[in-house]
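Participant: Pasting a structure below so you can have a look.
The values are calculated or read from the model by the stated rules, or taken from the named source; none is laboratory data. Everything quoted here is computed from the prediction, not taken from an experiment. Here the Cβ is made from the backbone with ideal geometry for all residues, glycine too, and neighbour counts use every protein chain on show. Only protein heavy atoms, including side chains, enter the accessible area calculation; ligands, DNA and RNA are left aside. Shrake-Rupley method; radii C 1.70, N 1.55, O 1.52, S 1.80 Å.
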Amino acid sequence: MRILIYSYNYHPEPIGIAPLMTELAEGLAIKGHEVRVVTGMPNYPQRQIYEGYRGKLYCTEERNGVTIQRSYIWVRPKPGFMDRILLEGSFVLSSFLQALNGWRPEIVLLTVPPLPACVPAALLAWFHNCPLVVNLQDILPDAAVNTGLLRNKALIRVFESLERFAYRQATKISVIADGFTENLLKKGVPSDKITQIPNWVNTNFIRPLPKDNNAFRQANQLEGKFVVLYAGNIALTQGVEMVVQSARYLRHLPDVAIAIVGEGRALESLKRLRKRWKVEDQVTLLPFQPREQLPTMLSAADIGLVVQKRNVICINMPSKIPVLLASGCPILASVPQAGTAAKAVGQSGGG
């Protein structure tokens, strides 16, 4: 089968949706399918176009049996709201031309976010008279509204219209948690359109490893410590600031260390908080590690943190939950009790 995957994020971006879509595309190619990926120039999480891709409008690559068609995007290191609109708009316009430049697909798979990409993906499916599968990694615009990122009432209505358009045009909608299913059913999406497929983990790559002689512990002066690890995106839905603030209550436990691994610009604000609360000895802040070092980093932890703000209920599922579980690391979750994350951690028995 000829499969076209429409995904804003893809390899070599190390976290979030990119590794999932990369593994999916390459797995389908291994099974004998022809796979084309329409994506943007790599930029996440630094929000800067990677070296080797700057100044290009388009480029096409082949990797592990997958054709990767990249297109220009507008991206800024510290995006404001209008920057995000321009980013998603630039991807919508530039990617559609790339999507038309290639063989005729038999199915189109769109991953959301970004939500506006549903327009070119739907047009492409209509043009080629083929099914459109929408894979929801976040419920938008609910996530943007609940976190305060989207406040303009007119724009909220625009994005709600885009959401309805995406669900109406989709042949099937795959969701990653049952809370997403509940959300869509309340919005009138037919149940026979919805299929729940949780995100996966490559357990040949992410697996339990010994803590003895652990390179991550050795490199960051964590040997002999009880390590509490938060690793991943530091965004509006999380509230990682509370982790730094809470470290004040661990000053009498010098053997406990909190390690927060994230994107450099996000760490800058946490550094200021760390200084404000005088917890430099308790909290270690580290940049993202190379993906090949991820299993070692996860195995260095005695506890893995998952944190969410109280208004993140059925709109987001942290990808770090299955990754931590696959590494054998128990989870300490500070999440809404009625949310999808709480249910996933509770059902796992690993929290």
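Participant: Per the Kirkwood definition applied to all pairs of different Cα atoms, how many angstroms is the hydrodynamic radius of the chain?
Facilitator: The answer is 21.3 Å.
Participant: Which value in Å does the Kirkwood hydrodynamic radius of segment 151-292 take, with 1/r averaged over all unlike C-alpha pairs and then inverted?
Facilitator: Value: 18.9 Å, from the Cα pair sum.
Participant: Please give the solvent-accessible surface of Arg291 in Å², to the nearest 10, using a probe radius of 1.4 Å with every protein chain present.
Facilitator: Ignoring ligands and nucleic acids, Arg291 comes out at about 80 Å².
Participant: What are the ³J(HN,Hα) values, in whole Hz, obtained from phi via the Karplus relation 6.51 cos²θ - 1.76 cosθ + 1.60 with θ = phi - 60°, for each residue of segment 71-76 in sequence order, with x given for Gly and Pro?
Facilitator: Listing the rounded values in order: 9, 4, 9, 8, 9, 10 Hz.
Participant: Ratio of segment 1-80's C-alpha Rg to 2.2 N^0.38 Å, to two decimals?
Facilitator: 1.09
Participant: Express the C-alpha Rg of segment 237-311 as a ratio against the empirical globular expectation 2.2 N^0.38 Å, rounded to two decimals.
Facilitator: 1.12
Participant: Suppose accessible area is computed on protein heavy atoms with a 1.4 Å probe; arrange Ser7, Ser334, Ser246 from highest to lowest.
Facilitator: If we order Ser7, Ser334, Ser246 from most to least accessible, we get Ser334, Ser246, Ser7.
Participant: Along each of its three principal axes, how wide is the spread of alpha-carbon positions in segment 77-186, in whole angstrom units, largest first?
Facilitator: Sorted from largest, the Cα extents of segment 77-186 read 41, 33, 23 Å.
Participant: Amide H neighbours of Glu106 under 5 Å, counting only residues 5+ apart in sequence or on other chains, H built in-plane at 1.01 Å?
Facilitator: Arg2, Ile3, Leu4
Participant: Run the dipole for the chain about the Cα centre, Lys and Arg Cβ at +1, Asp and Glu Cβ at -1, nothing else charged, and hand back the magnitude in debye, nearest 20.
Facilitator: That gives the chain a dipole magnitude of about 900 debye.
Participant: Assign one of three labels to segment 260-351, namely rounded, prolate or oblate, based on the Cα gyration tensor with a ≥ b ≥ c the square roots of its eigenvalues; rounded applies when a/c is under 1.5, prolate when it is not and a/b is larger than b/c, and oblate otherwise.
Facilitator: oblate
Participant: Sticking with this structure for a sec: How many angstrom separate the Cα center of segment 255-281 from the Cα center of segment 25-96?
Facilitator: Each part reduced to its Cα centre gives a spacing of 31 Å.
Participant: Below 14 angstrom from the Cβ of Ala170, what's the summed charge of the other residues (Lys, Arg +1; Asp, Glu -1)?
Facilitator: The answer is +3.
Participant: Could you work out the equivalent-ellipsoid semi-axes for segment 8-164, taking the square root of 5 times each eigenvalue of the Cα gyration tensor, largest first, in whole Å?
Facilitator: 25, 19, 14
Participant: Can you work out ³J(HN,Hα) from phi for every residue in segment 293-306, in order, using Karplus 6.51 cos²θ - 1.76 cosθ + 1.60 and θ = phi - 60°, giving whole Hz and x for Gly and Pro?
Facilitator: For segment 293-306, the Karplus curve yields 9, 4, x, 5, 5, 5, 6, 6, 8, 8, 9, x, 8, 10 Hz.
Participant: Further question on the same structure: Which order do Ile173, Ile303 take when ranked by solvent-accessible area (1.4 Å probe, heavy atoms of all protein chains), largest first?
Facilitator: Ranked from most to least accessible, the order is Ile303, Ile173.
Participant: Going from most exposed to least, what order do Lys172, Lys78 have by accessible area with a 1.4 Å probe?
Facilitator: Solvent-accessible surface, decreasing: Lys78, Lys172.
Participant: Can you give the accessible area per residue of the chain, in Å², using a 1.4 Å probe?
Facilitator: 48
Participant: Express in Å², to the nearest 10, the accessible area of Thr181 obtained by rolling a 1.4 Å probe over the protein heavy atoms while all chains stay in place.
Facilitator: We get 30 Å² for Thr181.
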